[in-house]
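Following: one structure in structure tokens, then a few remarks.
The values are calculated or read from the model by the stated rules, or taken from the named source; none is laboratory data. On a predicted model such as this, the values are computed, not experimentally measured, just so you know. Here the Cβ is made from the backbone with ideal geometry for all residues, glycine too, and neighbour counts use every protein chain on show.
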Amino acid sequence: MAGALRCLARQGLAKPTVDDIAQEASLSRATVYRTFPKGKDGIMEGVAETEVARLFSSLAVVMGEATDLEDVLVAGIVESARHLRAHAALDTLLTREPGVILPYLAFAKLNRLLIVAGDLVAPFFARWLEPTQASRAAEWAVRIVLSYLHDFDSGTDLTDADDTRALVRAFVLPGILALRTEAPAPSDDSTSIDPCQISTRATTKGAVQ
């Protein structure tokens with residue numbers, strides 16, 4: 001996987017061959033094919049699965065440490081943005097071969113991406129929200145990351161915790177609180193949101209435009 005990622009970062013997706021990847025990984029071509037009978041397609045599937053697992057493993061750590069709803073939103077968005085921004089292979093694909101990535105960010109494939117990502121992170125929001133609300137909050141957070149990640153002119157840097165906290169406080173939390181007021185009162189008070197418990201540590205750095 002590491003050898004394939006280095007090839008992707010240098011050459012994109014179209015150019016590297018199985019031989020190139022095997023050489024980068026210091027393995028024989030036969031060994032690679034024994035491990036990945038589907039060849040390059042199998043290797044790339046493995047890369048995608050591995051990188052998604054790495055991202056959600058890091059998200060589990062930072063979101064699991066959050067102490068309130070605002071913190072879990074900020075932690076998840078910032079960690080996702082930092083992880084994806086620093087991903088050399090992903091950056092190369094978006095720059096040189098955007099057609100490889102962009103189909104997954106639109107229409108039916110985007111919907112599948114949102115469902116998968118939302119299912120993975122929604123449990124972290126469920127500490128403060130009803131299940132349906134948690135799923136909506138997770139979907140919004142994923143959409144925000146996808147929308148801002150490569151929009152450097154937006155005035156908001158999602159890799160910056162203060163910028164992200166200002167964005168979350170101004171736009172995301174009000175929407176989530178509105179969802180709560182539209183829903184029936186939960187039977188268990190432990191799942192409700194108390195606005196007084198929302199963190200007040202946000203700064204005005206990078207004010208949302």
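Table for the structure above
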read-out	value
Qualifying residue in segment 32-43 (condition: aliphatic (A, V, I, L, M) and closer than 30 Å to residue 118 by Cβ)	yes
In segment 122-146, residue farthest from residue 77 (Cα to Cα) [restricted to those that are buried (at least 22 other Cβ atoms within 10 Å of the Cβ) and touching a Gly at 6+ places or on another chain (Cβ under 6 Å)]	138
Residue within segment 194-205 that is of a type in the set (D, E, K, R), touching a helix residue (DSSP H, G or I) at 6+ places or on another chain (Cβ under 8 Å), at pLDDT below 90 and outside any helix (DSSP H, G or I) present	yes
Test: residue in segment 55-73 that is more than 21 Å from residue 119 (Cα to Cα), part of a helix (DSSP H, G or I) and in contact with a Phe, Trp or Tyr (Cβ under 9 Å, 6 or more places away or on another chain)	no
Per-region count, segment 152-179, residues surrounded by 18 or more Cβ atoms within 10 Å (Cβ to Cβ) and either at pLDDT below 65 or of a type in the set (D, E, K, R) (or both)	4
Criterion: surrounded by 18 or more Cβ atoms within 10 Å (Cβ to Cβ), within 30 Å of residue 6 (Cβ to Cβ) and over 13 Å from the mean Cα position of the chain (by Cα) - qualifying residue of 89, 75	89
Any hit, segment 36-43, residues being part of a helix (DSSP H, G or I) and among the hydrophobic types (A, V, I, L, M, F, W, C)	yes
Any hit, segment 146-156, residues being of a type in the set (Phe, Trp, Tyr) and not in a helix (DSSP H, G or I)	yes
